[in-house]
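Heads up: the structure comes next, in structure tokens.
Quick note: the coordinates plus some simple rules give every number you see, no bench work behind them. The structure displayed is predicted, hence computed values, not measured ones. With ideal geometry, Cβ positions are generated from the backbone for all residues, glycine too; neighbour counts draw on all protein chains shown.
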Amino acid sequence: MADQQDDQQGRPPDEPPELFDLYRFSTTCLELGIPEDRVAGDFLFGLEGLRQDGVLRVEDVARVRADAVGERDEPAQWAAGFAAGYLSAWAAAVLRVLDTRGVEYSKELYRGVNLCPDAELLTRFLDRALTATRQADLVTKETSPRSADGS
């Protein structure tokens, strides 16, 4: 039985404790009578927070969402489609911010962002795109030509 569940927390050993806490919080909210649609929205928001904090990979988020919507026939296919759509949306957001800010970028960058399989990297690109003034700002660690002392 010890290999099925963590004795101290009552959760499967392969799930991070933060995800278990999110499940537990959502269940408590439902038991308190909070409307299901509101709890579902908060749950999805919490999942995204765990992904952005590096607790869950996008594939893990997709798996949990497949379970949450009751996708039992082809959960792996559903999760793969969700992950692809998720990455596509983040790539589009990066390029949209660059376009809105008037930052010119190459076809190579456009293609690379759209084909990027790493949600964490796309998140960093989006953060950098908010302050980028040129393409190089997006792909280098320094997002500004200014020095560390602000001069």
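Computed over neighbours whose Cβ is under 11 Å from that of S26, the net charge equals -2, Lys and Arg +1, Asp and Glu -1. In sequence order, the stretch 75-86 has phi-based couplings of x, 5, 5, 4, 5, 5, x, 4, 4, 5, x, 4 Hz under the Karplus curve 6.51 cos²θ - 1.76 cosθ + 1.60, θ = phi - 60°, and Gly or Pro positions carry x. Its residues counted as N, the stretch 16-104 yields a C-alpha radius of gyration over 2.2 N^0.38 Å of 1.29. For the stretch 86-135, the list of GluC sites (Glu not before Pro) that fall in a loop by DSSP and count at most 13 other C-beta atoms within 10 angstrom reads E104.
Using the Cβ-Cβ distance between F45 and T140 with R0 set to 30 Å, the FRET efficiency works out to roughly 0.45.
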